[in-house]
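**Q** My questions all concern the structure below.
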Amino acid sequence: MSVPEDDQRLLPLAQRWPRASKFLLSGCAATVAELATFPLDLTKTRLQMQGEAALARLGDSARESAPYRGMVRTALGIIQEEGFLKLWQGVTPAIYRHVVYSGGRMVTYEHLREVVFGKSEDKHYPLWKSVIGGMMAGVIGQFLANPTDLVKVQMQMEGKRKLEGKPLRFRGVHHAFAKILAEGGIRGLWAGWVPNIQRAALVNMGDLTTYDTVKHYLVLNTPLEDNIMTHGLSSLCSGLVASILGTPADVIKSRIMNQPRDKQGRGLLYKSSTDCLIQAVQGEGFMSLYKGFLPSWLRM
């Protein structure tokens, strides 16, 4: 039943524009979460770049000879060698990214869940619908946010470049966007988008699907009610599954985005996502695809 126009004006903004409100709320929540957990994201990215076998082709011995560090030693190393505030290097494009990505994927997922697929007769959302909806929402949100993700990854590695005696690439966030756009055009801003949306699809499939499934199971089969404890346990499980599924694509994505490029914007280390995957497994072993797994899971 439609609401008269005069009555609509009296409704709260969240009811008058539910999708826009959901986007803004998701973006605000993501910004707070990003600021709180960004050091884990920076640590994860630095771990993913350690021991990059493909760098040997360029004669880059600096990283090749550096000792491997785990999550804690990497974080402490950043504080000791670069300064405490460098744990938030690249946080600005990360916030841009999460406003677009989190807002876009949640609005898309809820629209698919409520309008396109719909719930079953017992008000439960079937698993197969969660899988498809989560993957589609992740792909759309991540594709839109790819330029901000690209800038974030490259800025996260600036401190490491400085320690290795290499010139810094950017003076700031907006200079990074402008430089990438000038060197590679619009397509340059979407470098690494293929593994990026693959990661997003896998993460969202594991994240949103597991969350809905675990929460439904806990409410129906345990004394727990639909409260913060149930949400917390569901998030713990969904983050684990999402990290297991998405970390390999995340490693490939980060390496492709951070690789040096020629004057035409073409990567010097990897020809494609598949090439990066093959070089990583052959040069570093299969478990190299799970570098940065622990901080990734803790962050999720």
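**Q** I need the full set of residues from region 237-284 which are over 21 Å from T74 (Cα atoms) and among the small types (G, A, S), in order please.
**A** S238, G239, A242, G246, A249, G265, G267, S272, S273, G283
**Q** Here's a follow-up. Being at pLDDT 80 or above and of a type in the set (A, V, I, L, M) is the filter here, so list the residues in region 80-111 that pass it.
**A** Those that are at pLDDT 80 or above and of a type in the set (A, V, I, L, M): L85, L87, V91, A94, I95, V99, V100.
**Q** Here's a follow-up. Taking the criterion of being in a loop (DSSP other than H, G, I, E, B), touching an Asp or Glu at 6+ places or on another chain (Cβ under 9 Å) and of a type in the set (A, V, I, L, M, F, W, C), would at least one residue in region 155-175 satisfy it?
**A** Yes, the conditions are met somewhere in region 155-175.
**Q** Still on this structure, please answer the following. Among the listed residues P248, P295, identify the single one that is surrounded by 14 or more Cβ atoms within 10 Å (Cβ to Cβ) and under 21 Å from V131 (Cβ atoms).
**A** Answer to the selection: P248.
**Q** Answer yes if at least one residue in region 265-279 is closer than 23 Å to L150 by Cβ, open to solvent by less than 30 Å² (accessible area, probe 1.4 Å) and among the aromatic types (F, W, Y), and no otherwise.
**A** For region 265-279, residues closer than 23 Å to L150 by Cβ, open to solvent by less than 30 Å² (accessible area, probe 1.4 Å) and among the aromatic types (F, W, Y): present.
**Q** Evaluate region 203-211: report whether one residue or more is of a type in the set (D, E, K, R), touching a residue at least 40 places away in the same chain (Cβ under 8 Å) and in a helix (DSSP H, G or I).
**A** yes
**Q** A further question on this structure: I need the full set of residues from region 227-244 which are in contact (Cβ under 8 Å) with a residue 60 or more places away in the chain and not in a helix (DSSP H, G or I), in order please.
**A** Hits for region 227-244: nothing passes.
**Q** Given the conditions (1) open to solvent by less than 60 Å² (accessible area, probe 1.4 Å); (2) assigned to a helix (DSSP H, G or I); (3) modelled with pLDDT under 90; (4) not basic (K, R), report the number of the one that L224 does not fulfil.
**A** Only one criterion in (1) open to solvent by less than 60 Å² (accessible area, probe 1.4 Å); (2) assigned to a helix (DSSP H, G or I); (3) modelled with pLDDT under 90; (4) not basic (K, R) is unmet by L224, namely (2).
**Q** Of the residues G141, G159, G165, which is open to solvent by less than 60 Å² (accessible area, probe 1.4 Å) and more than 20 Å from the chain's Cα centre (by Cα)?
**A** G159
The values are calculated or read from the model by the stated rules, or taken from the named source; none is laboratory data. Everything numeric here is computed off the predicted structure, so don't read it as measured data. Virtual Cβ from ideal backbone geometry, glycine too; neighbours counted across all protein chains shown. When the accessible area is computed, the model is the full protein with side chains, heavy atoms only, and any ligands, DNA or RNA have been set aside. Shrake-Rupley method; radii C 1.70, N 1.55, O 1.52, S 1.80 Å.
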